[in-house]
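Below you'll find the structure, written out as structure tokens, and then a few comments.
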Ligand code: PSU
Ligand code: MN
């Protein structure tokens, strides 16, 4: 057992505690995507399927959320169901909200930022999600830059994602990551993927093609003592891709509605995701599910290649 297990705020699920005890790799999963990123029951079905895909690769999944005054590293099926049904009633927890949720024993879903932080506390190096937050369009005025980027700057966890959505300002997102020394690796291609779309039109910093290569890169990154995370950007499978122009049409409308309704801050990403799913008549949701599953397979393989940490 490592000293992390002594952190009194962490509560390990039996499956995860067992994996740690025998040195089996663990993969962290976020819970904002469950509570706020997808509707019930698709969110629950996806969360379960993602966990099973990770198990099938020989790793152990640990979905992270705050309940009953503890940070849970791995959820039981009733806990996962409760979270999926709570939806917007669960708090959306970024780094700044964690202590409040623990102290007040609230139900909280962790974002990329807070899941990274909790994963690091629990000694987990690989984390699978759908997309990372970034610099929002209009950020020069609103200053809305996701805490995900600052967490990537300081927390040594690899985030397997499908890039970032074009609801964000992607060139500025990559600029901020560069400023903070966060490598952006594209998997199997040179382009930085844009979530629903395989190619954002921007180039990632590096291309790596296999889990073994990515694991070796991560080992070198952390052996150098670099304190940051790494973005492992895995493009959505071709058959589930939505063309960029199609996404842009839905997005233009969703962004206009957000502005009319005065939606901003932490409500912004969940609002836009929900409107995209409605405007696309479920197509964006189907793509979201496909890319998370694809990321789970890669994340499981990557954790196995990386070995116990
Ligand atoms: N992008 C998605 N789906 C999501 C999110 C982002 O495609 O569910 C969630 C993640 O939890 C991410 C958070 O960390 O939104 C970013 O929110 P904000 O922009 O408020 O930092
Ligand atoms: Mn924000």
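Coordinate-derived values only; no laboratory data. Keep in mind that this is a model prediction, so the values were computed, not measured. Here Cβ is always computed from backbone atoms with ideal geometry, including for glycine, and neighbour counts include all displayed protein chains.
Approximating the spin labels as points 7 Å out from Cα along Cα→Cβ, the residue 239-to-residue 68 distance works out to 4.2 nm. Applying 1/(1 + (r/R0)^6) with r as the Cβ-Cβ distance of residue 252 and residue 206 and R0 = 41 angstrom yields a FRET efficiency of 0.80.
When the Gaussian network model of the chain links Cα atoms closer than 10 Å, the mean-square fluctuations of 164, 47, 286 top out at 286.
Given the DSSP H assignment, sum -39500 (n - 2.57) over each helix run of at least 4 residues in the chain and divide by its residue total; what's the result at 222 nm in deg cm²/dmol, nearest 500?
Result for the chain: -14000 deg cm²/dmol, rounded to the nearest 500.
Most simply put, the chain has about 30% antiparallel DSSP beta bridges, counting only bridges with both residues inside it. Among 203, 129, 110, the residue with the largest mean-square fluctuation in a Gaussian network model of the chain, with springs joining Cα atoms closer than 10 Å, is 203.
Starting from the Cα gyration tensor of region 179-218, take the square roots of the eigenvalues, sort them a ≥ b ≥ c, and report rounded, prolate or oblate (rounded when a/c is under 1.5, otherwise prolate if a/b is larger than b/c, else oblate).
Oblate.
In the elastic network of the chain, a GNM with C-alpha springs shorter than 10 Å, the most mobile of 243, 193, 270 is 243.
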